[in-house]
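Read through the structure below, which is laid out as structure tokens, and then see the notes.
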Amino acid sequence: MSARKKKPAGFVGRDPERTRLRILESALKEFAACGFAGARVGRIARRAKINKRMLYHYFEDKEGLFRAVLRHKISERRSSVEAQVSDLDPAACMSVWFKQNCLDTDWVRLLAWESLQTVSDKVVDEKERRRIASEAAVRIKKKQQAGSLRADVPAQFLQLARISLTMFPTALPQLTRVITGSSPHESKFQREYARFLETISAAFRP
């Protein structure tokens, strides 16, 4: 029997979708650790166990890869949270979003890096991200019209308040620790802060 041929470097088998997801997961880790400017395609390829040529086959360049990571994570987060909050009081959904951020710290770090490294008024894939934000505002307006959320404030401000309150502890963990004496990664803090969010969300009701 002849010896089995050694697979070439970058061999990805016959599951392109699985390979694509592996690249996206590796890229998220790299962008979260180093930001867009500091991220290196070579490190992403090594972590994904492929060669750079294969990575460029799936994504044209680093910006294309970053754009794909953003879209993948936004879609993933929306689907995972929407399933949990569909039957909840709209104002009580903040604790669910906070818990999701605690499980998704790479995403929070990526956004923090993006804020630090953005040198103009534009961000990667801004048109698509504005579209998604507008869709979220429309959903909030419908809840305002239905009487489940207060209608005397702009929907965009309610959206911004939700993101701010649910993301701050994991985005700035050092300030959270200095102010509260607890790390946002501690389960006790997460339980208590989730209860706090449920309490103050009463202000969002009519």
- request: Take the residues in region 121-150 that are farther than 20 Å from residue 69 by Cβ and assigned to a loop (DSSP other than H, G, I, E, B), then tell me which one is nearest to the chain's Cα centre (by Cα).
  value: 121
message: Looking at residue 144 and the list (1) closer than 20 Å to residue 81 by Cβ; (2) in contact (Cβ under 8 Å) with a residue 40 or more places away in the chain, which single condition is not satisfied?
response: (2)
task: Test each condition in (1) surrounded by 16 or more Cβ atoms within 10 Å (Cβ to Cβ); (2) within 24 Å of the chain's Cα centre (by Cα) for residue 185 and report the one that comes out false.
output: (1)
Neighbours by Cβ (under 7 Å, 6+ apart or cross-chain): first from region 172-195, in contact (Cβ under 8 Å) with a residue 12 or more places away in the chain; second outside any helix (DSSP H, G or I) and charged (D, E, K, R): none
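Take the residues in region 134-179 that are of a type in the set (D, E, K, R) and under 20 Å from residue 193 (Cβ atoms); name whichever of them is surrounded by the most Cβ atoms within 10 Å (Cβ to Cβ).
Our first condition is that a residue be of a type in the set (D, E, K, R); within region 134-179, this holds for 135, 139, 141-143, 150, 152, 162, 177.
When the remaining residues are screened for being under 20 Å from residue 193 (Cβ atoms), the result is 162, 177.
Numbers: 162: 21, 177: 16.
Per the stated criteria, the residue is 162.
Laboratory data are not the source of any read-out in this text; all were calculated from the coordinates shown. Quick caveat: nothing in here was measured; it's all calculated off a predicted structure. Positions of Cβ are backbone-derived with ideal geometry, glycine not excepted, and every protein chain shown enters the neighbour counts.
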